[in-house]
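Engineer: Dumping the structure here so I can ask a few things about it.
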Amino acid sequence: MTTLALGPSWLDPDFLLNEFGLYGLLLIVFAESGLLIGFFLPGDSLLFTTGLLVTTNKLDYPLWLVCTLIAIAAIVGDQVGYLFGRKVGPSLFNRPDSKFFKQENVTKAHEFFEKYGPKSLVLARFVPIVRTFTPIIAGVSRMNYRSFITFNIVGGILWGVGVTLLGAALGNVEFVHKNIEMILIGIVLLSVLPIAIEFLRARSKSKKAAATGQGGAPAAPQRGRHAKR
């Protein structure tokens, strides 16, 4: 199977699986789930491609074993992210931008965590970039450890096993094989859709706030005159 590289060739799921196999897959899932350097990795499309390759016997491992190992890697990755966040603490928000670290990613994850609370650990699994930083933010916020473990396990299984099984279920569909490039691109676009929606909502709110501020400015003197009376 040949797929279109989604960005650099070394980020193409097919290339990664052919070059590094199952061990490379698990390392990528682990890194993307909780290491700061893993935010750019192609988690969703990689898991989908893995399921597809397993069901077509191009990745010679039992599906149940692959799903189990992926879930474990995802759960352990979030665990490491949480512990890192507890250790680093608020200093993470003061860290300067670099080639592999952008403060805006931390801010997005923090807002996501504040909005959805503990269940953000499940929802964030399906949102690129946010899924890498959310467990770290949970650690910074010193989220109750028992709650973290519970939501971490649920999220790791739903994402790791769910997306992989989706690829396996569609692996023998002829249309999928003929249009694999477009399907992978579609998965990437679908996964970043929540970020785009939140961005547009935030932009709309800021415009409304600015318009309200401008419209309300002339009213201040009017209230002042009534106060004098």
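The values are calculated or read from the model by the stated rules, or taken from the named source; none is laboratory data. Source: prediction; values computed, not measured. For neighbour counting, all protein chains shown are included, and Cβ atoms are generated from backbone atoms with ideal geometry for every residue, glycine included. Just the protein is used for accessible areas: all its heavy atoms, side chains included, with ligands, DNA and RNA removed. Shrake-Rupley method; radii C 1.70, N 1.55, O 1.52, S 1.80 Å.
Engineer: Within segment 171-194, is there a residue that is of a type in the set (S, T, N, Q), at pLDDT 80 or above and in a loop (DSSP other than H, G, I, E, B)?
Structural biologist: no
Engineer: Take residues that are among the basic types (Lys, Arg), more than 19 Å from Val127 (Cα to Cα) and at pLDDT 80 or above and tell me which of the helices (runs of 4 or more DSSP H) falling wholly in segment 1-113 contain 2 or more.
Structural biologist: 63-88
Engineer: Further question on the same structure: With of a type in the set (Ser, Thr, Tyr), on the phi < 0 side of the Ramachandran plot and loosely packed, with under 15 Cβ neighbours inside 10 Å as the only criterion, which of Thr68, Thr50, Thr55 stands out?
Structural biologist: Result: Thr68 is the single residue among Thr68, Thr50, Thr55 that is of a type in the set (Ser, Thr, Tyr), on the phi < 0 side of the Ramachandran plot and loosely packed, with under 15 Cβ neighbours inside 10 Å.
Engineer: A follow-up question, please. Would you mind telling me which numbered condition in (1) open to solvent by 50 Å² or more (accessible area, probe 1.4 Å); (2) modelled with pLDDT under 85; (3) in a helix (DSSP H, G or I); (4) farther than 24 Å from Thr56 by Cα Arg142 fails?
Structural biologist: That leaves (3) as the condition not met.
Engineer: Write out, first by first residue and then by second, each pair whose Cβ atoms fall under 9 Å of each other, whose residues are 6+ apart or on separate chains, and whose first residue, in segment 165-178, is closer than 13 Å to Thr55 by Cα and loosely packed, with under 12 Cβ neighbours inside 10 Å while the second is modelled with pLDDT of 85 or more and of a type in the set (Ser, Thr, Tyr).
Structural biologist: Listed pairs, sorted by first residue: Asn172/Thr55.
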